[in-house]
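Just so it is clear, none of the values below were taken in a lab; they were calculated from the coordinates. Everything numeric in this text was worked out from a predicted model, so none of it was measured. Methodologically, a virtual Cβ is constructed for each residue, glycine included, from the backbone with ideal geometry; neighbour enumeration extends over all protein chains shown.
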Amino acid sequence: MSIRFLLLLAILSVASFTYAQQKPNVVLIYVDDLGYGDLSSYGATKVFTPNIDKLAEQGIRFTRGYATSATCTPSRYALMTGEYPWRKQGTGVLPGNAALIVPTDRVTLPGVFKKAGYKTAVVGKWHLGLGDAVEKNWNEDIKPGPNEVGFDYSFIFPATADRVPTVFIENHRVVGLDPADPILVNYREKVGSDPTGKENPELLKMKASPNHGHDNTIVNGIGRIGYLSGGTKARWTDEEVPLTFLQKAKDFIVENRKQPFFLFYSLTEPHVPRMPSTYFKGKSDLGYRGDVILQMDWAVGEIVKELELQGLTKNTLIVFTSDNGPVLDDGYEDEAVTKQNGHMPAGPLRGGKYSIFEAGTRVPWIVSWPGKIKAGESDALISQVDLLASFANLLRQPLASTDAPDSHNMLRALMGKSKQGRETLVQHASTLAVVKDNWKYIHPSNGPAYNKLTAIELGNSEQPQLYNLREDIGERHNLAAQYPEKVEEFAKLLQEIKQKGKSR
Ligand code: NG6
Ligand code: CA
């Protein structure tokens, strides 16, 4: 070993030792269905997001940061477990009565923090199932759930805002539940006597888009997926949901200001149903989708302010990212389409939510840690599946070789110390794609190329597709016929990653 190498090694270990010594608080701000082009710091000109932009200015703005999947549940599964979700059955978009899909006997992202002595919390959307069966009693302790997979504190809603039950759950219990008015949930048939969007569309304050469903039980004037009865006082008002989450997140920060904490702040914006708080209604020129993006940005600003107020700015690392790409019409007539006004939610990327094209999984991704991270931009290839191993490294928590099998330690890239990202990245929608050295191969699939309901190109084709992302970020030129040997190499690579069951 050369002296220079030894010196480098010493510097590196001192650097990572210093991070670990400091035990920064970590706030993971995870938004829902926000596209690569939805922030002004990522090129949007029709909507302005000054608070998030500020994080980007003072931290690192990643241009090749990915969710693992083009929908919510699988991306969140990967975030929690460090495992690609397509390796495991049952990790697709979950109904609101699904059982917990995160194994309780595995290392999880919050579990890593907990082991390192952190207080951990999830506040916001969950969508990873609850309890050990679909049939469960919502009127007693509901478990296992977030508290059994690494969170000391949880204040969540179970699935998505468009799925019943439309209630908050705080540490196993539905908030504000009147025992005399028990909750019943059913995804097969109607329960109780509440009106449904199908039977009583005249009661809706926001119409469902034709053929999208969302016409079961009406709660707060909005038709949902699934049937709900009871729990009348516990049901949320959509206009209030983000304010409730924000307040709970702030409370957690204040209560834990004197010790290291990990907060998974999982916002519902801009997922449907988009129903902004009164203050934000009509604030953008883009209808409710634009309004809730402004609301989301405001909430991020409030979190940053709270950290400042508590004197935690310098010792708090913030990650901001989204669980999948954007969609305009995802089930409600909320003017996202009619008031698009030239806004490009996916920026220069092709496709959107549900798509194997870039817009499905390439998302805004910002890391900020004032005082520790120098401002900059990075094109390192990183995936949300990597957060587990990266934070384990930061906190000096060893991982067994079977833990978090697809999670790579990207700490140096996340800190802006290196532009070296993952060597390979698998993208996941209804088919798989693999990215390496700026080349992207999409595995042939007989799924539909286009989804009419959402007006999104899903990217499926019976032919292999090969794109050069450096020269063709919009995936317009399929080069598969031109480079058959590359297609073969990538198909093999994907096969290997699938078979290995472990790519670390
Ligand atoms: C889809 C819903 C959509 C949304 C999505 C989940 C229909 C037709 N569409 O099935 O509205 O709820 O699931 O979104 O039901 S996600 O971001 O949580 O994955
Ligand atoms: Ca989502």
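For a bin width of 10 Å, list the pair-distance distribution of the chain built from all Cα-Cα distances, rounded to whole %.
4, 20, 31, 28, 14, 3, 1, 0
Do any of 248/417; 281/305; 114/258; 115/492 go past 27 Å between their Cα atoms, and which?
Pairs exceeding the cut-off: 248/417; 115/492.
As a quick test, which of the pairs 207/283; 46/314; 46/419 have an alpha carbon distance above 23 angstrom in this structure?
Exceeds cut-off: 46/314; 46/419.
Please identify the helices of the chain, taking whole runs of DSSP H, that span at least 27 Å along their own axis as judged from the Cα atoms and have a mean Kyte-Doolittle score of 1.0 or higher.
Passing helices, by number: 3-22.
What residues have an amide H closer than 5 Å to that of residue 219, excluding those fewer than 5 places away on the same chain, when H is modeled at 1.01 Å from N in the peptide plane?
Under 5 Å from the amide H of residue 219 lie the amide H atoms of 224, each far enough along the sequence or on another chain.
Quote to one decimal, in nm, the extra length available between residue 418 and residue 240 on full extension: 0.36 nm per residue of separation minus the C-alpha distance between them.
Length gained, residue 418 through residue 240: 59.9 nm.
What is the distance in Å between the Cα centres of segment 314-380 and segment 27-41?
Taking the Cα centre of each part, segment 314-380 and segment 27-41 sit 4 Å apart.
Given a Förster radius of 60 Å and the C-beta distance between residue 205 and residue 485 as r, what FRET efficiency does 1/(1 + (r/R0)^6) yield to the nearest 0.05?
Using R0 = 60 Å, I get an efficiency of 0.55.
How much of the calculated P(r) for segment 424-503 lies past 18 Å, in percent of all Cα pairs? Working shown, then result.
Working: 1281 of 3160 pairs.
For segment 424-503, the share of Cα pairs beyond 18 Å comes to 41 percent.
In nm², what is the average projected area of the convex hull enclosing the Cα atoms of segment 218-338?
Working: hull surface 36.2 nm².
Reported value for the Cα convex hull: 9.0 nm².
Taking just the alpha-carbon atoms of segment 32-110, what radius of gyration and Dmax come out, in angstrom?
That works out to 15.9, 46 Å for Rg and Dmax.
For residue 63 and residue 314, FRET efficiency with R0 = 30 Å and r from the beta-carbon atoms, rounded to 0.05? Intermediate results must be reported in sequence, preceding the final value.
Numbers: r = 26 Å, r/R0 = 0.87.
Calculated value: 0.70.
Take residue 500, project a point 7 Å from its Cα along the Cβ direction, then tell me which residues of segment 384-425 have their backbone nitrogen under 12 Å from it.
405-408, 423-425
Each residue of segment 136-146 in order: what ³J(HN,Hα) in whole Hz does its phi give by Karplus 6.51 cos²θ - 1.76 cosθ + 1.60, θ = phi - 60°, with x for Gly and Pro?
8, 8, 7, 9, 10, 4, 9, 7, x, x, x
Would you calculate the separation in nanometres between label points at residue 338 and residue 133, each defined as 7 Å from the Cα along the Cα-to-beta-carbon direction?
My value for the distance between the label points is 4.7 nm.
Read phi for every residue in segment 220-228 and hand back ³J(HN,Hα) as whole Hz from Karplus 6.51 cos²θ - 1.76 cosθ + 1.60, θ = phi - 60°, with x for Gly and Pro.
6, x, 10, x, 10, 8, x, 10, 9
Kirkwood Rh and Cα-based Rg: tell me the resulting Rg over Rh for segment 334-389, rounded to two decimals.
Over the Cα atoms of segment 334-389, Rg/Rh equals 1.08.
Search the structure for amide H atoms under 5 Å from the amide H of residue 119, placed 1.01 Å from N in the peptide plane, and list their residues when 5 or more places away or on another chain.
For residue 119, the qualifying residues are 261, 262.
Tally the DSSP beta bridges in the chain and give the antiparallel ones as a percent, rounded to 5.
Taking every DSSP beta bridge within the chain, about 55 percent pair in antiparallel fashion.
Leaving out same-chain residues fewer than 8 places away, which aspartates and glutamates sit with a Cα under 13 Å from that of residue 233?
178, 181
I need the phi-derived Karplus couplings for segment 183-190: 6.51 cos²θ - 1.76 cosθ + 1.60, θ = phi - 60°, integer Hz, Gly and Pro marked x.
8, 10, 10, 8, 9, 9, 9, 5
Could you work out the mean projected area of the convex hull around the alpha carbons of segment 367-455, in square nanometres to one decimal?
8.5 nm²
At 222 nm, what helix-only mean residue ellipticity would the chain give, in deg cm²/dmol to the nearest 500, using -39500 (n - 2.57) for each DSSP H run of four or more?
Counting only the DSSP helices, I get -7000 deg cm²/dmol.
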